[in-house]
Amino acid sequence: MKKYLITTITTFILLLSSQLGSVHAAETKVVNFGVETTYPKYGQESVPVDSQITLDFTREIEEGSGEIYLYGKGQTLPFTKSISGDILTITPSQPLDKGTSYQVVVMNGAVVNAEKDNSPNGIGEKFVLSFSTPYIDLSQQQKPVTQQVTQPVTLPVTLQLVPETALQPAQTYTVKKEAPVTYKINATNGNYKLWTANPQLVSLQVQGDNLVIKGLSAGTTQVAIKNLLNNTKVVLNVVVQ
């Protein structure tokens, strides 16, 4: 009887731990280095011939030593590139041809993580984006309203320690394992994304507009919030004691 009771209690504890782990995994958002969104989207058709190609990465980036290629009609095409924050922009040297398939190929090492937080830099062997242009020239037609609307001026992401102590980006803050710390998120319309460089050290939970940082293991990591409307970002150095 005693052996049966111990086995039953052990099974219940394992089931409860599994359920709590699932909740924790859903609340923690971790982003590795790589391409997050693109314009055009992969496989998109009827892309205007005067388009620029943009790749939005999950981290701030800088130019590396790898190669970037633009292919069309079986040959490489000339282009210029620029980097702003976490966005790589590729501008073809001349308008694209109508009714043609194109590929942008970013080789590993062409752009690298500029945030210097010891997170992975690689994007795999290469990143490939394929799209095609229409058989008629859409650049002479009226573009969709969504492309004509000017984005409103938005304030950068700010964090405020509840209730009133202001935080400064890149400073170091201490979190104790037994006492989670709460921060208030101020981001336009709640359009923001969270990540941590080491999910084994801290967990991130969002409750309304409050961010709760809970220490899991002793060590130093980074926590960041990115405003998705204007690509501003706040990075905090967190020490868990």
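The values are calculated or read from the model by the stated rules, or taken from the named source; none is laboratory data. These figures come from a predicted structure and were not determined experimentally. Virtual Cβ from ideal backbone geometry, glycine too; neighbours counted across all protein chains shown. Surface accessibility is based on the protein's heavy atoms, side chains included, excluding ligands, DNA and RNA. Shrake-Rupley method; radii C 1.70, N 1.55, O 1.52, S 1.80 Å.
What the table below lists for this structure:
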| quantity | calculated |
| --- | --- |
| Selection count, segment 200-230, where residues are more than 15 Å from the chain's Cα centre (by Cα) and either in a strand (DSSP E or B) or of a type outside the set (Ser, Thr, Tyr) (or both) | 21 |
| Conditions (1) at pLDDT 70 or above; (2) surrounded by fewer than 14 Cβ atoms within 10 Å (Cβ to Cβ); (3) closer than 30 Å to THR38 by Cβ: number failed by SER217 | (3) |
| Search result, residues across segment 53-70 that are exposed (fewer than 14 other Cβ atoms within 10 Å of the Cβ) and either part of a loop (DSSP other than H, G, I, E, B) or at pLDDT 95 or above (or both) | SER65, GLU67 |
| Count of residues meeting criterion [modelled with pLDDT of 80 or more, closer than 28 Å to ILE83 by Cβ and open to solvent by 20 Å² or more (accessible area, probe 1.4 Å)] in segment 223-241 | 1 |
| Hits in segment 90-118 (condition: under 24 Å from LYS233 (Cβ atoms), without any contact (Cβ under 8 Å) to a residue 40 or more places away in the chain and either more than 20 Å from the chain's Cα centre (by Cα) or surrounded by fewer than 16 Cβ atoms within 10 Å (Cβ to Cβ) (or both)) | LYS116 |
| Total residues in segment 71-86, condition closer than 23 Å to LYS233 by Cβ and outside any strand (DSSP E or B) | 2 |
| Odd one out for VAL202 among (1) within 15 Å of PRO180 (Cβ to Cβ); (2) modelled with pLDDT under 80 | (2) |
| Positions within segment 30-52 being part of a loop (DSSP other than H, G, I, E, B), of a type outside the set (Gly, Ala, Ser) and open to solvent by less than 70 Å² (accessible area, probe 1.4 Å), in sequence order | VAL30, VAL31, PHE33, PRO40, VAL47, PRO48, VAL49 |
